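**Q** Right, I'll just put the structure down here and ask away after.
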Amino acid sequence: MSSVDLSVDLGRGLLLPNPVMTASGTFGYGEEASQYFDISKLGAVVVKGISESPRQGNPPPRVVETPSGMLNSIGLQNVGVEAFIAEKMPFLRDAGARVIVNVLGSTVEEYARVCKRLDAVEGISALEINISCPNVKEGGVQFGMKKALAAGLVKVLRELTGRHLMVKLSPNCGDIAGMALAVQDEGADSVSLINTITGMEIDVATRRPVLGGMMGGLSGPAIRPVALRMVHEVYNAVRIPVVGIGGIMEGRHALQFLIAGAQAVQVGTATFTDPLAPLRILETLEDYLREERIALPDLVGSLNTGSL
């Protein structure tokens, strides 16, 4: 059986052995999943978002199942950058994982301090900048909702780190292709999309929100068509690599994102029902490329939009 080259070069030193990553917030720091499989087999592990100081997150309930998906209102709970470096990175290095750290912040200055601290840490392959965080200096407006805010943030971070900067885009911004162009022009090396779609669930018996934080982020199969459309739009607008996220539950779904223009994918909600989902998806990709006798780069963006 002939081997298949699954390697992906996302630029600025981010070389991955395959295009399948985990999605931030769904895989913790990799320790739990390592009980089920060798996490070094993944293209990369995107860890839970990291802020400057530890965050406790929102009150429970934090997760609720919805038709074809789930709502989460974790509230960016995390151990903080110093504990991450001291307590989590040693395990990830020993496991041989390629590590992408999702970075959180409430101000440009906080993002900058976290990125600068991580810049000096061995074993980090890239930084994924989560621009769905509220900017406290702008009255709580998310960085990812205004092109000027997102571009300004990326410009500052580009000047202080030589690491690969992947910017995670929000589907709630209204013009996701324009947002991708804005961060590209200020130095983003790649974009990942989409983050969750804001939603809520109500208990009719109590007439109260089900989630402790009232609203949450919708993920899972329900958002995949939206994510596919946005990935295709962004792919046709930018020059930098696109990483697809949103409802990827099986290999066929990952193939859809690659055909739409993604060079790599992140698997999130699927791991809640099957921790081995990323490996299943990777196996399907390999089989498809072998059977179709097509190279991975030739599959990316190969959507046929001609008349039927």
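The values are calculated or read from the model by the stated rules, or taken from the named source; none is laboratory data. Remember, predicted model here, so these are calculated numbers, not experimental data. Every residue, glycine among them, receives a Cβ derived from its backbone with ideal geometry; neighbour counts consider all protein chains shown.
**Q** With the requirement that a residue be among the aliphatic types (A, V, I, L, M) and within 19 Å of Val79 (Cβ to Cβ), what does segment 30-65 give you? Outline the logic, then answer.
**A** Going residue by residue through segment 30-65, those that are among the aliphatic types (A, V, I, L, M) are 33, 39, 42, 44-47, 50, 63-64.
Within segment 30-65, Ala33, Ile39, Val45, Val46, Val47, Ile50 meet the criteria.
**Q** Taking Thr66 and the conditions (1) of a type in the set (S, T, N, Q); (2) out of contact with any Ser or Thr (no Cβ under 9 Å at 6 or more places or on another chain); (3) under 19 Å from His164 (Cα atoms), which numbered condition does it fall short on, given that it satisfies the others?
**A** All conditions are met except number (3).
**Q** Still on this structure, please answer the following. Restricting to segment 128-161, count the residues that are surrounded by fewer than 18 Cβ atoms within 10 Å (Cβ to Cβ) and hydrophobic (A, V, I, L, M, F, W, C).
**A** 5
**Q** Does segment 256-278 contain at least one residue that is touching a Leu at 6+ places or on another chain (Cβ under 8 Å), more than 25 Å from Thr305 (Cβ to Cβ) and not β-branched (Val, Ile, Thr)?
**A** Just the residues of segment 256-278 that are touching a Leu at 6+ places or on another chain (Cβ under 8 Å), to begin with: 256-261, 263-265, 278.
Now drop any that are not more than 25 Å from Thr305 (Cβ to Cβ), which leaves 278.
Subsequent filtering for residues that are not β-branched (Val, Ile, Thr) retains 278.
Looking through segment 256-278, at least one residue is touching a Leu at 6+ places or on another chain (Cβ under 8 Å), more than 25 Å from Thr305 (Cβ to Cβ) and not β-branched (Val, Ile, Thr).
**Q** Return the total of residues in segment 113-154 being β-branched (Val, Ile, Thr), over 17 Å from Thr196 (Cα atoms) and modelled with pLDDT of 95 or more. It would help to see each step written out before you state the result.
**A** Residues of segment 113-154 that are β-branched (Val, Ile, Thr), as a first pass: 114, 121, 124, 129, 131, 136, 141, 154.
Checking the rest, the ones that are also over 17 Å from Thr196 (Cα atoms) come to 114, 121, 124, 136, 154.
In the following step, the residues that additionally are modelled with pLDDT of 95 or more were identified as 114, 121, 124, 154.
The total comes to 4.
**Q** I would also like to ask the following. Looking at (1) within 15 Å of Glu52 (Cα to Cα); (2) surrounded by fewer than 19 Cβ atoms within 10 Å (Cβ to Cβ), which is the only condition Val81 fails?
**A** It is condition (2) that Val81 fails.
**Q** I'd like to check something: does segment 149-160 contain any residue that is outside any loop (DSSP other than H, G, I, E, B), touching a residue at least 40 places away in the same chain (Cβ under 8 Å) and touching a strand residue (DSSP E or B) at 6+ places or on another chain (Cβ under 8 Å)? Don't jump to the end; show me each part of the working.
**A** Of all residues in segment 149-160, those outside any loop (DSSP other than H, G, I, E, B) come to 149-160.
Adding the requirement that they be touching a residue at least 40 places away in the same chain (Cβ under 8 Å) leaves 152-153, 156-157, 160.
Within this subset, residues satisfying the condition of being touching a strand residue (DSSP E or B) at 6+ places or on another chain (Cβ under 8 Å) are 153, 157.
Yes, segment 149-160 contains at least one residue that is outside any loop (DSSP other than H, G, I, E, B), touching a residue at least 40 places away in the same chain (Cβ under 8 Å) and touching a strand residue (DSSP E or B) at 6+ places or on another chain (Cβ under 8 Å).
**Q** Among strands (runs of 3 or more DSSP E) lying entirely in segment 211-308, which contain 3 or more residues that are touching a Gly at 6+ places or on another chain (Cβ under 7 Å) and either buried (at least 23 other Cβ atoms within 10 Å of the Cβ) or on the phi > 0 side of the Ramachandran plot (or both)?
**A** Numbers: elements: 215-219, 242-245, 264-267.
Qualifying strands (runs of 3 or more DSSP E): 215-219.
**Q** Same structure again: Can you tell me which residue within segment 190-210, out of those that are within 16 Å of the chain's Cα centre (by Cα) and small (Gly, Ala, Ser), is surrounded by the most Cβ atoms within 10 Å (Cβ to Cβ)?
**A** Ser192
**Q** Ok, one more. Which one of the conditions (1) in a loop (DSSP other than H, G, I, E, B); (2) modelled with pLDDT under 95 does Ala97 fail to meet, given that it meets all the rest?
**A** All conditions are met except number (2).
**Q** So, one more: Give the residues of segment 204-227 that are touching a residue at least 12 places away in the same chain (Cβ under 8 Å) and β-branched (Val, Ile, Thr), sorted by residue number.
**A** Once the filter is applied, which keeps residues that are touching a residue at least 12 places away in the same chain (Cβ under 8 Å) and β-branched (Val, Ile, Thr), segment 204-227 yields Val210, Ile223, Val226.
**Q** In the list Gly30, Gly57, Gly25, Gly75, which residue meets the criterion of being in a loop (DSSP other than H, G, I, E, B) and under 23 Å from Leu157 (Cα atoms)? Spell out how you get there, then give the answer.
**A** Numbers: Gly30 fails: under 23 Å from Leu157 (Cα atoms); Gly57 fails: under 23 Å from Leu157 (Cα atoms); Gly75 fails: under 23 Å from Leu157 (Cα atoms).
Matching residue, one of Gly30, Gly57, Gly25, Gly75: Gly25.
**Q** Got a number for residues in segment 163-182 being under 25 Å from Thr269 (Cβ atoms), of a type outside the set (Ser, Thr, Tyr) and not in a strand (DSSP E or B)?
**A** 9
**Q** If we keep just the residues of segment 17-41 that are touching a Pro at 6+ places or on another chain (Cβ under 6 Å) and of a type in the set (A, V, I, L, M, F, W, C), which is farthest from Ala227 (Cα to Cα)?
**A** Ala33
**Q** Identify, by number, the condition in (1) within 19 Å of the chain's Cα centre (by Cα); (2) more than 20 Å from Arg12 (Cα to Cα) that Leu149 doesn't meet.
**A** (1)
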